[in-house]
Amino acid sequence: EYEVESCHDIALTAQTNELAVCSGSPAAYSLNLRNDGQWSDTYDLAVSGEARTWSSLSHNSISLDSGDSQQLAVTITPPRSEVGVYSLALAATSRNSGNVVAQSLAVISNSCYDYDMSASENYVSFCDNSEAKIPVTITNTGSENNIYSLDLDGTDWSVLDRDSVSVSAGSSATFNLVLTPGFNDVGTSTFRISSEA
């Protein structure tokens, strides 16, 4: 009788197989690679799947004696434009035997920083040497609290009543465009308000 043993076993385990991350922000999977074989070996690591171009490895290869293990990380940073569920897989290949072990991972990329800005009205008519206030509302539709820097491109008699506004996730906040034309400041003027999260 002959007993043929598997002398090149590899084990690859993940603390979690699924990560939820804000698009544009990094998150990392933590994995453990263990040499369950009878001899020392070196393992080449590679990622595949839809999210491979957004990922980076803490190690390209790992050398382990029999019975030893090592932690490794796969860092993922989905682009801000990518929202949804994406696949990712990490494979370790033995240089001695060619054995391969893989771990499937899932990336849930959420839109955490989306927001809208709208004015209560886009056209206003009023007299010179008077004041008009136009409310502008920022609605944070993302899942993270945020602060928005504000900027105005307008006339010398136009101003925003604040430079920035803080808005909790799922909430709204309002600021004002204040117009105070003097005598004979007549005609049509255009104002452009920009915001940056």
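The values are calculated or read from the model by the stated rules, or taken from the named source; none is laboratory data. Quantities reported herein were computed from a predicted structural model and do not represent experimental measurements. Here Cβ is always computed from backbone atoms with ideal geometry, including for glycine, and neighbour counts include all displayed protein chains. Heavy atoms of the whole protein, side chains included, go into the accessibility calculation; ligands, DNA and RNA do not. Shrake-Rupley method; radii C 1.70, N 1.55, O 1.52, S 1.80 Å.
Worth a mention:
- Accessible surface, per residue, of the range 150-197 when the full set of protein chains is kept, probe 1.4 Å, Å²: 62
- Working note: Debye formula, equal point scatterers on the alpha-carbon atoms of the range 1-151, no solvent; log10 I(q)/I(0) at q = 0.09, 0.12 Å⁻¹ is -0.47, -0.64.
- Qualifying chymotrypsin sites (Phe, Trp or Tyr not before Pro) in the range 91-125, DSSP loop, other Cβ atoms within 10 Å at most 10: TYR123
- Simple rule: put +1 on each Lys or Arg Cβ and -1 on each Asp or Glu Cβ in the chain, find the dipole, and look at GLN103, ILE62, THR93; the Cα lying farthest toward the positive end is GLN103.
- Segment ALA11-ASP68, length gained on full extension (0.36 nm per residue, minus Cα span): 19.5 nm
- Shown for the chain: cysteine residues without a partner Cβ closer than 4.7 Å, namely CYS7, CYS127.
- For the range 152-185, applying the loop criterion from DSSP together with a ceiling of 11 other beta carbons within 10 Å to the chymotrypsin sites (Phe, Trp or Tyr not before Pro) yields PHE183.
- Mean separation of Cα pairs under 8 Å and 6 or more residues apart, divided by the residue count, gives the chain a relative contact order of 18 percent.
- Summary of the geometry: the range 150-184 and the range 58-108, compared by the centres of their Cα atoms, lie 49 Å apart.
- In the range 1-76, the ratio of gyration radius to Kirkwood radius, Rg to Rh, stands at 1.09 when only Cα atoms are counted.
- Carbon and sulfur %, accessible surface of the range 1-72 computed with the full protein complex present, 1.4 Å: 42
- Computed label-point distance, nm, for sites SER81 and GLU121 using a 7 Å Cα→Cβ extension: 3.8
- Nitroxide proxy distance, nm - points 7 Å out along Cα→Cβ at ARG162 and THR188: 3.2
- Using the Cβ-Cβ distance between SER56 and ASN32 with R0 set to 22 Å, the FRET efficiency from 1/(1 + (r/R0)^6) comes to roughly 0.75.
- Rounded to the nearest 10 Å², the accessible area of VAL100 at probe 1.4 Å: 90
- For the range 30-93, relative contact order (Cα pairs under 8 Å, six or more residues apart, normalised by length) works out to 46 percent.
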